[in-house]
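Report on one structure; see the data block that follows.
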Amino acid sequence: MIGDFPAPPLALRSVALFGGTFDPVHRGHLAAARAARDRFHLDAVHFVVAGRPPHKTRAPLSPYPHRCAMVALACAGQRRLSLSLAEAGPDFSGNTIGYSVDLVRAYRKHLPRPAHLYFLIGADAFLDVGQWRESDVLLDSCDFIVVSRPGFRLERLRAALPAGMLAAARRRAEPRGMLLLRRSTVHLIPSVHVDVSSTGIRSRTARGLSIRSLVPAAVEEYICKQALYR
């Protein structure tokens, strides 16, 4: 199931998928999405709220509807940022384990050609890409936008790639901040740094501390009203 588009599908020329548990979504997530949107002139950034991430099958997560509600509130009024229900499942429970390669396949079937599809991800998460399901297929399927704090080296991304992905890139010069793969490109935006994490927000909330500067006001209000993370 692919979530609602912020515009009629035929109007979309470039879309970035931004997956995560978003438990809760915070200002760092929004900063990454805006940086990608503005740098690549994206028509849409879809926040794909993960159902059950393969690497977090035992970790407790807030109910899927709560996480979706917080993302919807965070994206409200944010130009070309929107919630995707791609991993909600038929009953909106978000209980199904979702894989990024399947998400990209589903979007490829739904989007009109020649829409340009990107996968937006943080640098630390990208370092594990070689361990993902069908990682080579995923990396062939769309371009990646990797956001990082200042000073993050592109060579770390190169070292994380599965063997053979850089075969085509080695035969020609690579533009700065880019890794040219055999069928796609990895772009690095090394200028996004917001010192906040979902884990830290949950911890502060549990201790009764303020999270006012860490999440949008509407998300803070929702967390308080729903007594999340208490």
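The values are calculated or read from the model by the stated rules, or taken from the named source; none is laboratory data. Everything quoted here is computed from the prediction, not taken from an experiment. Note: ideal-geometry Cβ built from the backbone for every residue, glycine included; neighbour counts use all protein chains shown.
Here are a few things to note about the model shown:
- Residue match in region 175-183 (condition: surrounded by fewer than 19 Cβ atoms within 10 Å (Cβ to Cβ) and closer than 18 Å to VAL104 by Cβ): yes
- The residue pairs whose first member lies in region 180-208 and is more than 16 Å from VAL219 (Cβ to Cβ), whose second member is at pLDDT below 95 and of a type in the set (Asp, Glu), and whose beta carbons are closer than 7 Å, counting only pairs six or more residues apart or on different chains, are LEU180/GLU174.
- Residue count for region 50-78 satisfying the condition of being out of contact with any strand residue (DSSP E or B) (no Cβ under 7 Å at 6 or more places or on another chain) and closer than 15 Å to ILE121 by Cα: 1.
- Leading residue by the ranking (modelled with the highest pLDDT) among those in region 41-60 that are farther than 16 Å from GLN78 by Cβ and crowded, with 18+ Cβ neighbours inside 10 Å: ALA50
- Of all residues in region 197-230, those that are surrounded by fewer than 17 Cβ atoms within 10 Å (Cβ to Cβ) and aliphatic (A, V, I, L, M) total 5.
- Elements of type helices (runs of 4 or more DSSP H) in region 91-164, at least 3 residues being more than 20 Å from ALA31 (Cβ to Cβ) and out of contact with any Lys or Arg (no Cβ under 7 Å at 6 or more places or on another chain): 100-110, 135-141, 154-160
- The C-beta contact set for region 118-140 (first residue on the phi > 0 side of the Ramachandran plot and free of Cβ contacts under 8 Å to residues at least 40 places away in the same chain, second residue surrounded by fewer than 18 Cβ atoms within 10 Å (Cβ to Cβ) and among the aromatic types (Phe, Trp, Tyr), distance under 9 angstrom, 6+ apart or interchain) comprises GLU134/TYR99.
- Residues satisfying the stated conditions in region 111-165, i.e. crowded, with 16+ Cβ neighbours inside 10 Å, over 17 Å from the mean Cα position of the chain (by Cα) and farther than 23 Å from VAL192 by Cα: LEU111, ALA115, ASP136, MET165
- When VAL219 is tested against (1) closer than 27 Å to SER14 by Cβ; (2) part of a loop (DSSP other than H, G, I, E, B), exactly one condition is not met: (2).
- Hits in region 165-189 - residues which are modelled with pLDDT under 95 and closer than 23 Å to GLY28 by Cβ: GLY177
- Tally, over region 1-24, of residues that are surrounded by fewer than 20 Cβ atoms within 10 Å (Cβ to Cβ), within 15 Å of ARG113 (Cβ to Cβ) and at pLDDT 95 or above: 1
- A Cβ distance below 8 Å, combined with a sequence gap of six or more or placement on separate chains, defines the contacts here; from region 77-88, residues that are assigned to a strand (DSSP E or B) and surrounded by fewer than 23 Cβ atoms within 10 Å (Cβ to Cβ) reach residues that are of a type in the set (Gly, Ala, Ser) and modelled with pLDDT under 95 in the pairs SER82/GLY3.
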